[in-house]
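Values in this text are rule-based calculations from the coordinates and carry no lab data. All values derive from a computational prediction rather than experimental measurement. Note that we place each Cβ from the backbone using ideal geometry, even for glycine, and neighbour counts take in every protein chain shown.
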């Protein structure tokens, strides 16, 4: 059955690959033949606002606002909320509403370099329409959609901007205001609503932008349809052979980001209106040009280059500096995993962002630091000292795992993953003031947790019992390899940090670290946990001891563990992370064929049409899995490129190029924005 399933995946991938554009552009993913029944949208985001595409004209699937949660729906825990869908529109030509049924040549494309999404189509023989939308990078709560209509005959249009409230919101209030200025009228289509419990107020406002070439702006009409939807529209006659352009700018913000979201939404929309379309696009492009100064360039393999750009694009899109927010496994691509923050952020996505954009990584560490008090309370509640970070975290920093999932009370390795991220941030930045102010409080509190968590059963037997392992199919096991090794590493990081700061570390930390066991089978293979007997695993556990923990450094041992566990990850139903670690380690071992095999296996079977977005599992349908992207990027950066994070900073060891790659260049690395190459 497994072999048949694998064959189906390979066949499906081959079929969808044929549907992608024949010529591979390193920056642009094109969808020339769109099947709405097999359509998985792609996200345009700016680290706060996520806009997910739809397979029909002038629609977006949904709009997600980072950091906006409420208690509703699944699991009795805080969930991400959809915000107002501020980019839904409609267009009528000669009184006929544009729809998927009456257009032709419908195409879409994602430009990753400029972070914009463009749709084009024809309406009969009367007009060609193009529109592009942006989540403006320079304005974290603002989006822009730019529309262009090329008339082939004399036509009249009616264009509408529609504001619709998501179903989960309540107490919707709609407003319309026209503010006259000497050379323009600012029309504000605004809505406000409460989250399901009333905890959060969400607001959005939009306005039309008419291009500078048109001296007379058309009159705008407001229509109220019902409590959940209202719109603003205008009419215009367009002569054959001419092109008419207009835009809609909109802001989405909530009380989670601002104490007065209603007024702020309108203020920010007015700001965008008076900046004008050209300046908005210019500053957005400049901001993304700065982001792309940190890039991965692959020569000789156009498809891998496009795929790696897509992974970087999504991580850059889902995060930004200065927010104090971290990343959910699905980023801003929807409501997946309730928008919660797991180890996915600290262990899988953080390292690539740390290497390429330490300022973004700083925000992710701030997310944990700002919730340290809650982690201390969590440890206290479980009878431990120090800080115990929750397995699933949202806005408040309390445990947000649904009670039916044992990972909440038992998957304790998350605490060491937070410490690993904090230590690596110091290693890359060498910022001793940061280490003193933020790093040390995290490292010392998490070290205290492990010193209290172990059960002291004699030398070499400071056991960590009753945990859920990194392999989450291993529930309530003792001495899990990754948990124990991560605890050891956490304790050692705290000791090193104390010495750097001129402090005296707790002597018990070293004693505990020395006596935590990492188990082995009789043949020397590292044993996943005390009762492990060779069964299938959900995801890597033992193999994480070589990277990122560096607990195992002997190449013979690393090879032995890889050979054993790579056969125990099923082809289906497992998340796309483990294969990336296999690829990274085989690259470091100099085994190019195996490194290449696992690099491709880490994501290609998970790709979905029409934009090659990554699902969590092979054959899965829940993109975008940013965790998987983070793992694959690490296989490129720390595997093929040979980069390594050390106590002295980023260094480059010997790299390895897969067959077909002529060169690999990493630009904008670390705080000094260095360049590393493998040829």
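Taking 0.36 nm per residue of separation and subtracting the current Cα-Cα distance, fully stretching the chain between residue 74 and residue 380 would add 107.4 nm. Per residue, the convex hull spanned by the Cα atoms of segment 257-385 measures out at 163 cubic angstrom. With N counted as the residues of segment 34-291, its alpha-carbon radius of gyration over 2.2 N^0.38 Å works out to 0.98. To the nearest ten degrees, helix 555-565 and the longest principal axis of the Cα atoms of the chain are 60 degrees apart. For residue 128 and residue 289, what is the calculated FRET efficiency with R₀ set at 25 Å and r taken between the beta-carbons, to the nearest 0.05? Here the calculated transfer efficiency is 0.30.
Our summary gives the chain a relative contact order of 13 percent, counting only alpha carbon pairs under 8 angstrom and 6 or more residues apart. Computed across segment 191-256, the Kirkwood hydrodynamic radius from all distinct Cα-Cα pairs reaches 14.7 Å. On the basis of the beta-carbon distance and an R0 of 30 Å, residue 651 and residue 521 show a calculated FRET efficiency of 0.35. Centre-to-centre, using Cα atoms only, segment 141-156 and segment 520-547 are separated by 58 Å. For the chain, the longest principal axis of the C-alpha atoms and the axis of helix 413-429 are separated by about 80°.
Relative intensity of segment 429-487 on a log10 scale, I(q)/I(0) at q = 0.30 Å⁻¹, equals -1.17, per a Debye sum over C-alpha point scatterers of equal strength in the absence of solvent.
Based on alpha-carbon centroids, what's the gap between segment 452-519 and segment 595-647 in Å, whole number please? Cα centres, segment 452-519 to segment 595-647: 30 Å. Scaling the Cα radius of gyration of segment 378-522 by the globular reference 2.2 N^0.38 Å produces a ratio of 1.03. If each residue of separation counts as 0.36 nm, what is the full-extension length gain between residue 621 and residue 431 once their alpha-carbon separation is subtracted? Net length gain for the segment: 64.3 nm. Scattering from segment 178-295 was approximated by placing one identical point on each alpha carbon and applying the Debye formula without solvent; log10 I(q)/I(0) at 0.20 1/Å stands at -1.16. By the count of other C-beta atoms within 10 Å, a proxy for reagent exposure, 594, 199 are ordered fewest to most as 199, 594.
Derived from the Cα gyration tensor, the three semi-axes of the equivalent ellipsoid of segment 468-602 are 28, 18, 13 Å, largest first. Where Rh denotes the Kirkwood radius from the mean inverse Cα pair distance, what is Rg over Rh for segment 166-225? Checking Rg against Rh, the ratio lands at 1.11.
In terms of other Cβ atoms within 10 Å, 413, 183 run from fewest to most in the order 183, 413.
Taking the empirical scaling 2.2 N^0.38 Å for compact globular proteins as reference, the chain has a Cα radius of gyration ratio of 1.00. In the chain, the DSSP-assigned H stretches of four residues or longer account for a calculated mean residue ellipticity at 222 nm of -9000 deg cm²/dmol, using -39500 (n - 2.57) per stretch and the full residue count as denominator. Label zone of residue 274 (point 7 Å out along Cα→Cβ, amide N under 20 Å): in segment 164-193 this covers 176-190. A crude spin-label estimate for the pair residue 185 and residue 503, with each label 7 Å from Cα along the Cβ direction, gives 6.3 nm.
According to the Kirkwood relation over distinct C-alpha pairs, the hydrodynamic radius of segment 579-638 is 11.4 Å. By the beta-carbon count within 10 Å of each Cβ, the least crowded to most crowded order of 48, 349, fewest first, is 48, 349.
Across the alpha-carbon atoms of segment 349-430, the computed radius of gyration and Dmax are 13.3, 42 angstrom.
Taking every alpha-carbon pair under 8 Å whose residues sit at least 6 apart, segment 290-398 reaches a relative contact order of 22 percent.
In this simple spin-label model, placing a label point 7 Å from the Cα along the Cα-to-Cβ direction at both residue 455 and residue 535 gives a separation of 2.0 nm. Multiplying the residue separation of residue 359 and residue 23 by 0.36 nm and subtracting their alpha-carbon distance yields 117.5 nm. Between residue 677 and residue 107, the distance separating the two model label sites (each 7 Å from Cα on the Cα→Cβ line) works out to 3.5 nm. Across every pair of non-identical alpha carbons in segment 543-658, the mean reciprocal distance, once inverted, gives a Kirkwood radius of 14.4 Å. Look at where the Cα atoms of segment 281-312 and of segment 97-113 average out, and the two centres are 24 Å apart.
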